[in-house]
Amino acid sequence: MPASPPLDDDTLRVLIPRLRRFARSLATDPAAADDLVQATLERALTRGDTRRDEAALQPWLFSVLYRQFVDDHRRAARWKRIASLFATEDAHRPPMPDQVFDARTSLSAFTRLPADQRALLMLVSVEGLGYREAAEVLGIPIGTVMSRLSRARQALRAMDDENDPAAPVLRALR
Amino acid sequence: MNIDALHPSPDDSELHAYVDGRLPPARRAQVEAWLTAHPAHAVQVEGWKQDAERLRTLHAHPEHWSSNAALEPAQVRRRLGARRRARLGIAAAMLLAFGVGGGVGWQARDMRPGQAALPMADAVAAYRQYVDADAPPMEFDASRADDLQRWLHRHFGEAGRVPDLRAAGYRLMGGRLLSTEQGAAAMLVYQDGSGARVGFYLRPRGQLRGQGQRRDGDLLARYWSVRDTSFALVSNAADAAASGLPRLLDNG
């Protein structure tokens, strides 16, 4: 068998909190986020033998997680399209008043960003990845990283400004 | 002195690189100086910095979140292993179904999860269902003993013979074919002069190791295996006459 040592549990365990954090910035709720992490770990443990050094491991795990998220999302979107073919009109009703209220108050500006922008901000600002690493994780060219980063930061600023600047803007993620 | 004349103005990307601390030190100083000279941009960049800082604060210390046991690597490995074995089990079942199971099928079958916890529990269950006097008629009654013998032989080879228990006073009432997790099985029903019944059960060997006996409610099951076949003799626990039967069933 090839020389690369199999992925050991301790190495992996150290990275789990960061994977959960990244997942929660993407998924709708903590349970869905942990499901993403679980799927990622399963992938890592079935395919991780081919991974080399620990430095490359983290970005690779992030990329696995992100791809999983995007795939799930696409599947859900496809399903929604199919379901809409059978749906009655009330499936398209406008959001309920309390949902609107929610979006303005408890939901943070960050969580209202598109998922691809959230992912990039997490990688760059929170995980401290370089632009090239972030590009690899998200599977996009570096030029796209820069333009997306610019859009994300401007959108975040704009939303902050429209909120009460004194109020805490971001919901604490627990 | 106009600072723009000395150094090129930073573009959008450079401003973000500045926020993220990704500029080389020399260029960083230049951008800093440029921002001092351009307060509107400085405000914008400061906002980005604050947002990033806030993001970091809010996402700090994920290691303090309540842990999720399902994410423990050992647990993930176990689940993967169980899933792999389940797949193997399905593959084995398919191999068996197509009659080409051979060695691979039998080996894989032993690894399937969720085997009955008690040895030969299926034999006892089959007894309860089919051996009671009021059980529905059996597909092989005593008049078709030869057919039953043929069927057993086809499925169990040498081990598949209809035991002759007449020496102990039991005569064959009939047989019933069953399907179990391990494959086709048969329950043969015998009865003695007093009307006491015993069930002789055979099926492909599963995880059963060795031999033994156990009480299950009012029933007594004695079980053993010979090569690839497991046997059980199930009788009423109070039936003393039945205790001598295993000697007659010696399949060795």
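Considering every residue in B:44-54, what mean count of other chain Cβ atoms within 10 Å of its Cβ is obtained? Could the numbers behind the result be given before it?
Working: counts 3, 1, 0, 6, 8, 2, 3, 12, 6, 1, 9.
Partner Cβ neighbours, averaged per residue: 5.
Mean sequence separation of contacting Cα pairs (under 8 Å, at least six apart), scaled by the length of segment B:121-248, corresponds to a relative contact order of 21 percent. In order along segment B:143-158, the phi-based Karplus estimate (6.51 cos²θ - 1.76 cosθ + 1.60, θ = phi - 60°) of 3J(HN,Hα) comes to 6, 10, 4, 5, 4, 4, 4, 4, 4, 4, 5, 5, 8, 10, x, 4 Hz; Gly and Pro are listed as x. For A:Val124, the shell of other residues with beta-carbons less than 12 Å away shows a net charge of +2, using +1 for Lys and Arg and -1 for Asp and Glu. Taking amide hydrogens as placed 1.01 Å from N in the peptide plane, the amide H of B:Leu178 sits under 5 Å from those of B:Ala185, B:Ala186, B:Met187, each at least 5 positions away in sequence or on another chain. Here's how it looks for B:Thr229: its modeled amide H is under 5 Å from those of B:Arg205, which are all 5 or more places away or on a different chain. Peptide A:20-32 has a mean shielding of 2, counted as Cβ atoms of other protein chains within 10 Å of each residue's Cβ.
Within segment B:146-187, list the chymotrypsin sites (Phe, Trp or Tyr not before Pro) lying in a DSSP loop whose Cβ has at most 15 other Cβ atoms in a 10 Å radius. Working shown, then result.
Numbers: sites: B:Trp151, B:Phe156, B:Tyr170; in loops: none.
Sparse-neighbourhood loop chymotrypsin sites (Phe, Trp or Tyr not before Pro): none present.
Judged by the mean number of other Cβ atoms found within 10 Å, the most tightly packed of the peptides B:51-64, B:190-203 leads the ranking B:190-203, B:51-64. Packing here is the average count of other Cβ atoms within 10 Å per residue, and on that basis the peptides A:134-143, B:226-235, highest first, run B:226-235, A:134-143. 3J(HN,Hα) along segment B:179-186: 10, 10, 4, 8, x, 4, 9, 9 Hz, from the Karplus curve 6.51 cos²θ - 1.76 cosθ + 1.60 with θ = phi - 60°, whole Hz, x for Gly and Pro. Couplings for segment B:27-34, taken from phi via the Karplus curve 6.51 cos²θ - 1.76 cosθ + 1.60 with θ = phi - 60°, read 5, 4, 4, 5, 5, 4, 5, 5 Hz in order; Gly and Pro are left as x.
Please give the average number of partner chain Cβ atoms lying within 10 Å of the Cβ of each residue in A:124-135, rounded to a whole number. Show your work: numbers first, answer last.
Working: counts 6, 11, 8, 2, 4, 1, 3, 5, 0, 0, 0, 0.
Mean shielding count: 3.
All other residues whose Cβ lies under 14 angstrom from that of B:Asp12 are scored, Lys and Arg at +1 and Asp and Glu at -1, for a net of +2.
Read-outs: derived from the displayed coordinates by stated rules, not from any lab. Since the model is a prediction, treat every value here as computed from it, not as a measurement. Cβ: placed from backbone, ideal geometry, glycine included. Neighbour counts: every protein chain shown.
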